[in-house]
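The values are calculated or read from the model by the stated rules, or taken from the named source; none is laboratory data. Since the model is a prediction, treat every value here as computed from it, not as a measurement. Cβ placement follows ideal geometry from the backbone for every residue including glycine, while neighbour counts extend to all protein chains displayed.
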Amino acid sequence: MIILGIDPGQTGALAFYSDRVGRVTRLYDMPVMTRLHGKGMEVNASDLCTMLMAHRPEKAIVELVAAMPGQGVSSMFRFGESYGIIKGVLATLQIPYSGVTPQAWKKAAGLSGKDKDASRTLAIQQHPEVADMLSRKKDCGRADAIHIAKS
């Protein structure tokens, strides 16, 4: 079965994981585009749809997100908007999905209490097939998506 792990948000990622062979088959940064209104970027629903249609995962697991104290209203709105776009595309393509909290997938991966880079390091160790795509510190979204797919 091909399972899609999604780390939502503009700096998130998509990991297509085959549980049959225990390998990551595809790994992408979240597709984004210039916001239609206002400044910054937003998730590109059309490109996301194209990616999912090309790889046809049998199910998806999306990290459950919520507002966090201290974050700005505008940034939280944009994050929620990204989350909604992702769920809308999954529903439109009739890809069954479930959610997982950050605490749950980190516990399943043995990453509870560890920093963001620990996720990337573990993903490199477990999945050398995509190690070249996890070489930068900013690739932690990709690593998180892998762990989410396996949760």
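Filter the range 62-114 down to the residues that are polar (S, T, N, Q) and under 18 Å from G141 (Cβ atoms) and list them by number.
Q71, S75, S82, T101, Q103, listed by residue number.
Out of all the residues in the range 99-151, which are exposed (fewer than 15 other Cβ atoms within 10 Å of the Cβ), out of contact with any Cys (no Cβ under 7 Å at 6 or more places or on another chain) and of a type in the set (D, E)?
D115, E129, D132
Give the range 1-45 a look and list any residue that's of a type in the set (D, E) and buried (at least 17 other Cβ atoms within 10 Å of the Cβ), or say none.
Those that are of a type in the set (D, E) and buried (at least 17 other Cβ atoms within 10 Å of the Cβ): D7, D29, E42.
Every residue, every condition in (1) assigned to a loop (DSSP other than H, G, I, E, B); (2) over 16 Å from the mean Cα position of the chain (by Cα); (3) modelled with pLDDT under 95, yes or no:
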residue: I3; (1), (2), (3): no, no, no
residue: T11; (1), (2), (3): yes, no, yes
residue: L14; (1), (2), (3): no, no, no
residue: L27; (1), (2), (3): no, no, no
residue: L36; (1), (2), (3): yes, yes, yes
residue: S46; (1), (2), (3): no, yes, no
residue: C49; (1), (2), (3): no, no, no
residue: A60; (1), (2), (3): no, no, no
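Could you list all residues from the range 62-89 that are of a type in the set (A, V, I, L, M, F, W, C) and outside any strand (DSSP E or B)?
Within the range 62-89, L64, V65, A66, A67, M68, V73, M76, F77, F79, I85, I86, V89 qualify.
If I go through the range 71-96 residue by residue, how many of them are of a type in the set (S, T, Y) and surrounded by fewer than 16 Cβ atoms within 10 Å (Cβ to Cβ)?
The total comes to 3.
Only one of S18, S75 is under 27 Å from P128 (Cα atoms) and free of Cβ contacts under 8 Å to residues at least 24 places away in the same chain. Can you tell me which?
After applying the criteria, what remains is S18.
Return yes when L52 is in contact with a Phe, Trp or Tyr (Cβ under 7 Å, 6 or more places away or on another chain), surrounded by 15 or more Cβ atoms within 10 Å (Cβ to Cβ) and in contact (Cβ under 8 Å) with a residue 12 or more places away in the chain and no when it is not.
no
If you go through the range 96-104 one residue at a time, do you hit one that is part of a loop (DSSP other than H, G, I, E, B) and closer than 24 Å to K150 by Cβ?
For the range 96-104, residues part of a loop (DSSP other than H, G, I, E, B) and closer than 24 Å to K150 by Cβ: present.
Anything in the range 94-108 that is hydrophobic (A, V, I, L, M, F, W, C) and either over 17 Å from the mean Cα position of the chain (by Cα) or within 10 Å of E63 (Cα to Cα) (or both)? List them, or say none.
V100, A104, W105
Exactly one condition in (1) closer than 20 Å to V62 by Cβ; (2) without any contact (Cβ under 8 Å) to a residue 24 or more places away in the chain; (3) touching a helix residue (DSSP H, G or I) at 6+ places or on another chain (Cβ under 8 Å); (4) not charged (D, E, K, R) is false for L111; which is it?
(2)
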